[in-house]
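The values are calculated or read from the model by the stated rules, or taken from the named source; none is laboratory data. Keep in mind it's a predicted model, so treat the numbers as computed, not measured. Heads up, the Cβs are rebuilt from the backbone with ideal geometry, glycines too, and the neighbour counts pull from every protein chain shown. All accessible areas refer to the heavy atoms of the entire protein, side chains included, with ligands and DNA or RNA removed. Shrake-Rupley method; radii C 1.70, N 1.55, O 1.52, S 1.80 Å.
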Amino acid sequence: MAATVQPITLSTGVEIEPPPAMLKVEFQTILTPETVQFLAELVSTFDEDVEEILQLRIGKKLCLDRNGGLPEFLPHTSHIREDQSWKVQPVPQRLQNRHVDLGDVSPANTEHFITALSSTAQGIQTDFDDGHCPTYLNQIQGLFNVYKAVHSQFPDIPHISKVPILMLRPRAWNMVEHNMLVHGKEVPGPLFDFGLLMYHCGRILFENGCGPFFYLSKVESHLEARLWNKIFVWVQKKLGLPNGSIKATVLIENILAAFEMEEILYELRDHSAGLNCGIWDYSASFVNKFGHRREFILPDRSKYVNIEKMFLKSYMDLLIKTCHKRGALATGGMAALLLPWDKEGLDYQSVLAKVRRLKLLEINAGVDGFMVFDLDLIKPMTKLFLEHTDGPNQLHVLREDVDVTPSDLLTMPSGGVTLHGLKYNIGVGILFIEAWLRGQGTFYFRGQVEDSATAEISRSQVWQWLRHRVKLENDGRIVTRNLVQALVKEIETELQDVLHHHNDSSKGQLAVASEIFLEIVQKRDFPEFLTMYLNLEHTFLSANH
């Protein structure tokens, strides 16, 4: 029997799993004794605070469920909203003109990351969250690749001050890092990511005027923003950086956070780079928080849910108004569509026209920038901004015409459920899980990139439609367990073709993904986050993953 590799135990009460065999040099570069000591102090200082905000989330959900209540603009923070005098601190020059970023760039994908660094995008969402799968191998490789980029160690890649700015996105609060324990507890994933990124890269980025800049995922309240601010202040002091060096964009991906946007900016006013809106995680949060209520049944997203619907348009308009009122940048979501290879073909022109139309809606609403995934969209989307805006951003667009009520934010769009939409959601959910089991955070399906955000809304809708036994528009059939199970079997052949999987082992992995998908959508209680469920219930067992 082969000897079991034991965790590395350090005198600070830290245990770290040994690195995958092929990443020993990367591990030794990233997790030096000094770095580990810094991480241990960071985790020890804030671990109880992280536990508290996670408990507050549970308490808020229980309160809403018990009372049948709805979120509201908080009465006890009205003084913050009514005080017209405060604004966020101005952002550095490199952040003031960021029309087009590349989204979902996992730095663990070395080839894609290097291509992004060589692109003409103004920023790169350097992603340890939605577009990334947090295996141990991916975390070490991704952190090491960021280290190399910041230290200008990639051959033929310009100095860090000359490449697109890195918008670093650590994991969200719900994720843990299984491979590091501090005082016998797995450490919060975002502290692991943020701590290592700041320790190795913070000063160089600051001195070169290109950071450190972050995206903060899945923030649900101003209290969570307050915690991030405390962490920023502590880390800056520890590393000898001026207060306010860190700038962070908060992704408003939850309906509860939509009611606290001014308070979130206020808590981060010395460190704010603005707010971001994206529709799929945000839409999924309605199922997360209110999915058991019939009045919150979300119709087929492939037919009835888009940024033009009132609940999403109101959210975007309120975000832009809130940001610009306080001098903060407002950024839109990511265009996930992929341009076909044939630039002369009708399909290419059709896809490009669709992306242009949707992104022009955001530009006309007042956004200061947005993301694309396809590198070939950088040039046309940059041109779109230049054609329809003046100056580096749209902070002057104050949107005083916007008056959003709670009802505007909470009213679900009309529409039903189609067989196509049900099958599409099943396909996306299964393919995401299959990709995750291979250590990938994104995949391509029917002409666009899919990530954990689209997987979240897909599995959320299937769970909700099962729970409420909705009828299909096509033929009146009720969405039942038997129907979903039958459709899973029916589309497996198509999914095998998508994956080019035709041998027994690959088919077996797809079958496992299908079983996990069914396990999730049939749960009595809605699993809060798909990635958290997979990370906790289907933990990676191989050191290579």
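Remarks
- Only one of the numbered conditions (1) under 30 Å from L384 (Cα atoms); (2) open to solvent by 70 Å² or more (accessible area, probe 1.4 Å); (3) assigned to a loop (DSSP other than H, G, I, E, B) is not met by S85, and that is (1).
- Boolean, T77 is surrounded by fewer than 19 Cβ atoms within 10 Å (Cβ to Cβ) and among the hydroxyl-bearing types (S, T, Y): yes
- Some residue of the stretch 234-245 being within 22 Å of the chain's Cα centre (by Cα) and open to solvent by less than 10 Å² (accessible area, probe 1.4 Å): no
- Residue in the stretch 313-322 that is over 19 Å from the mean Cα position of the chain (by Cα), within 30 Å of K471 (Cα to Cα) and not aromatic (F, W, Y) present: yes
- Leading residue by the ranking (surrounded by the fewest Cβ atoms within 10 Å (Cβ to Cβ)) among those in the stretch 368-391 that are closer than 23 Å to T442 by Cβ and either in contact with a Gly (Cβ under 6 Å, 6 or more places away or on another chain) or of a type in the set (K, R) (or both): K379
- Residues (open to solvent by 50 Å² or more (accessible area, probe 1.4 Å) and part of a loop (DSSP other than H, G, I, E, B)) located in the stretch 392-414: P392, L395, H396, L398, E400, D401, D403, T405, T411, S414
- Being over 20 Å from T531 (Cα atoms) and either in contact (Cβ under 8 Å) with a residue 40 or more places away in the chain or in a loop (DSSP other than H, G, I, E, B) (or both) holds for only one residue in F113, F144, and it is F144.
- Just one of the listed residues (K162, K247, K185, K230) is more than 30 Å from D408 (Cα to Cα) and free of Cβ contacts under 8 Å to residues at least 12 places away in the same chain, namely K162.
- Among residues of the stretch 223-262, those that are in a helix (DSSP H, G or I) and under 22 Å from G333 (Cβ atoms), counted: 9
- Of all residues assigned to the stretch 89-105, at least one qualifies as being open to solvent by 30 Å² or more (accessible area, probe 1.4 Å), farther than 27 Å from L191 by Cα and in a loop (DSSP other than H, G, I, E, B).
- Looking across the stretch 283-338, just one residue is in a helix (DSSP H, G or I), in contact with a Lys or Arg (Cβ under 7 Å, 6 or more places away or on another chain) and open to solvent by 30 Å² or more (accessible area, probe 1.4 Å), and that is K321.
- Failed item, numbered, when T110 is tested on (1) under 21 Å from H159 (Cβ atoms); (2) among the hydroxyl-bearing types (S, T, Y); (3) touching a strand residue (DSSP E or B) at 6+ places or on another chain (Cβ under 7 Å): (3)
- Matching residues in the stretch 463-474 - criterion: being modelled with pLDDT of 95 or more and either on the phi < 0 side of the Ramachandran plot or open to solvent by less than 60 Å² (accessible area, probe 1.4 Å) (or both): W463, Q464, W465, L466, R467, H468, V470, K471, L472, E473
- Looking across the stretch 163-200 at every residue that is of a type in the set (D, E, K, R) and either under 15 Å from the mean Cα position of the chain (by Cα) or over 23 Å from P18 (Cβ atoms) (or both), the one that is surrounded by the fewest Cβ atoms within 10 Å (Cβ to Cβ) is identified as D193.
- Condition met for L137 (open to solvent by 20 Å² or more (accessible area, probe 1.4 Å) and farther than 15 Å from T442 by Cβ): yes
- Residue selected from the stretch 504-528 under the condition open to solvent by 20 Å² or more (accessible area, probe 1.4 Å) and part of a loop (DSSP other than H, G, I, E, B), by the criterion nearest to Q485 (Cα to Cα): Q522
- Of all the listed residues (I246, I264), the sole one being within 27 Å of K60 (Cα to Cα) and in contact with a His (Cβ under 6 Å, 6 or more places away or on another chain) is I264.
- Applying the condition of being open to solvent by 10 Å² or more (accessible area, probe 1.4 Å) and aliphatic (A, V, I, L, M) to the stretch 201-226 and asking which residue is farthest from N288 (Cα to Cα) yields I204.
- Some residue of the stretch 340-361 being within 30 Å of V470 (Cα to Cα), free of Cβ contacts under 8 Å to residues at least 60 places away in the same chain and either assigned to a helix (DSSP H, G or I) or open to solvent by less than 10 Å² (accessible area, probe 1.4 Å) (or both): yes
- Scanning the stretch 478-491 for any residue that is part of a loop (DSSP other than H, G, I, E, B), open to solvent by 30 Å² or more (accessible area, probe 1.4 Å), under 30 Å from L361 (Cβ atoms) and of a type in the set (S, T, Y) turns up nothing.
- Against the conditions (1) among the small types (G, A, S); (2) open to solvent by less than 30 Å² (accessible area, probe 1.4 Å); (3) not in a helix (DSSP H, G or I), A40 satisfies every one except (3).
- Of the residues making up the stretch 252-276, those that are within 28 Å of C201 (Cα to Cα) and open to solvent by 10 Å² or more (accessible area, probe 1.4 Å) number 5.
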